[in-house]
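Heads up: the structure comes next, in C-alpha cells.
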Amino acid sequence: MPENSTLIPTVVDAEQFAAQTSAIVESVSRVIDGKPDAVRSALVCLLAEGHLLIEDVPGVGKTMLARALAASVDATVRRIQFTPDLLPGDVTGVSVYNPVDREFEFKRGAVFAHIVIADEINRSSPKTQSALLEAMEEGQVTVDGSTHMLPDPFLVVATQNPLEMEGTYALPEAQRDRFMMRISMGYPDAAAEALMLRQRDTVNPLASVTAVADAASISGLIAWARSVHVAPALEEYTVALAQATRADPNLHLGASPRATLQLIRAAKVWAALDGRDFVIPDDVTALLVPVFAHRLLPARGAHRAGAQPVEAALRQIVERVRVPVTVTARS
C-alpha cells in the first residue's frame with residue numbers, strides 16, 4: 001500500500017478485538033517460543049501507539065520478535081541496521097536536486113513505514129540516533145524546513161545489547177523517554193530451546209508466518225483500546241506513582257509526565273487484552289517496571305543495595321502508594 005495513503009480504521013467491537021489480537025499473538029508465538037510476556041508487550045506497544053526497546057544479550061530473539069510482529073501485520077515494514085557510519089539522512093530522507101524539473105525533491109528515508117525495526121540502535125552516533133526523536137514523538141520528520149508525515153499507525157521496535165559496549169553510544173535520557181516500554185527476552189527454558197533445535201535446523205520460522213491483520217484493522221484496534229475507561233481515582237493513583245519516583249531518595253531521575261501518560265495508554269491496552277473495557281490497579285502495577293524503569297536513574301551509591309536498584313525502588317513505591325479501592329467500570 002502507498003506509504004502516504006490515508007487509512008480508514010476498521011470499526012471493531014469487543015469480540016472482534018479479542019479475535020484479532022489473539023490471532024496476532026498466536027502468529028508471533030509460532031516464531032517466539034516460550035516468551036508470551038515479550039509477545040504481549042510488543043502488541044501492547046503497537047496498540048498503545050508507543051515504541052518498544054528490546055534490550056538483551058545476543059542470540060535470544062530480539063530481532064526475531066520484531067520481524068515476527070512485522071510479518072504478522074500486512075503493512076509497510078523497514079529494517080534499519082544501525083552502524084557507526086549510518087547518517088541521519090539514511091533514516092529520515094534527503095532533498096535531492098532534480099535537474100529535469102530544476103528543483104529539489106524529497107527522497108524518503110527508511111523511517112517511512114508503519115513498522116520500523118531499528119536493529120542495534122546504540123551502534124550509531126548520537127546524531128543519527130537523534131534523527132528518530134521527532135519521528136517517535138510527533139509522527140513526522142522535518143528535512144530542510146519541510147515537514148513530512150509518517151504512516152499511521154507507526155511503531156519503532158529497537159534492539160540493543162547492554163553488555164558489549166565497545167563501539168556503542170548509550171541512548172540519552174531524551175531518547176529512552178520516547179520508548180513506551182523496555183523489555184528483555186531472557187533465555188528460553190530447556191524445553192523451548194530443544195524444540196527450537198528440532199524445528200529450526202533447516203527451516204526459517206519466519207517463512208511460514210502470514211499476515212493476520214493489516215494497517216486499517218490495527219487502526220481499528222487502536223481506536224477500541226483508546227475507548228477503555230480509566231476512573232479518576234486510578235488516574236490519581238498513576239500520578240501518585242510517578243510523583244513518588246521523583247521524590248524517592250534512591251532515584252536521581254524520576255518519571256516524566258510523558259511516562260505517566262504512556263503508562264495509562266499501555267494499561268488501557270492491557271485491560272482490553274484481558275477482555276475488560278475498564279482499567280484496574282493491577283493493570284498499572286503490572287506495567288510499572290517495563291514502562292518506568294528505563295527512564296529512571298539510580299541515585300549515587302544506590303547500586304550497593306542490589307543489582308537492579310531502579311526495579312527495587314519501583315517495587316518499594318508500589319508498596320508505599322495507597323491503592324484506590326473504588327475503581328469500577330464506567331458508570
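The values are calculated or read from the model by the stated rules, or taken from the named source; none is laboratory data. These figures come from a predicted structure and were not determined experimentally. Here the Cβ is made from the backbone with ideal geometry for all residues, glycine too, and neighbour counts use every protein chain on show. When the accessible area is computed, the model is the full protein with side chains, heavy atoms only, and any ligands, DNA or RNA have been set aside. Shrake-Rupley method; radii C 1.70, N 1.55, O 1.52, S 1.80 Å.
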Hits in the range 36-69 (condition: without any contact (Cβ under 8 Å) to a residue 60 or more places away in the chain and open to solvent by 10 Å² or more (accessible area, probe 1.4 Å)): Pro36, Gly59
Picked from the range 256-304 (must be without any contact (Cβ under 8 Å) to a residue 12 or more places away in the chain and charged (D, E, K, R)), the residue farthest from Ala18 (Cα to Cα) is Arg304
Within the range 287-304, track down each residue that is open to solvent by 50 Å² or more (accessible area, probe 1.4 Å) and out of contact with any His (no Cβ under 9 Å at 6 or more places or on another chain). Val289, His303, Arg304
For residues that are farther than 11 Å from Leu65 by Cα and open to solvent by 60 Å² or more (accessible area, probe 1.4 Å), tally how many sit in the range 20-35. 2
Any pair with Cβ under 6 angstrom, 6 or more apart, that starts in the range 229-250 at a residue that is more than 22 Å from Val269 (Cβ to Cβ) and ends at one that is among the small types (Gly, Ala, Ser) and open to solvent by 30 Å² or more (accessible area, probe 1.4 Å): none
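Scan the range 83-119 for residues that are in contact with a strand residue (DSSP E or B) (Cβ under 6 Å, 6 or more places away or on another chain) and within 25 Å of Met64 (Cα to Cα) and jot them down. Walk me through how you get there before you give the answer.
Step one: filter the range 83-119 for residues in contact with a strand residue (DSSP E or B) (Cβ under 6 Å, 6 or more places away or on another chain), giving 92-98, 104-110, 113, 115-119.
Of everything in the range 83-119, those that are in contact with a strand residue (DSSP E or B) (Cβ under 6 Å, 6 or more places away or on another chain) and within 25 Å of Met64 (Cα to Cα) turn out to be Thr92, Gly109, Ala110, Ala113, Ile115, Val116, Ile117, Ala118, Asp119.
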Of those in the range 200-236 that are farther than 17 Å from Val60 by Cα and at pLDDT below 80, the residue most open to solvent (accessible area, probe 1.4 Å) is Thr202
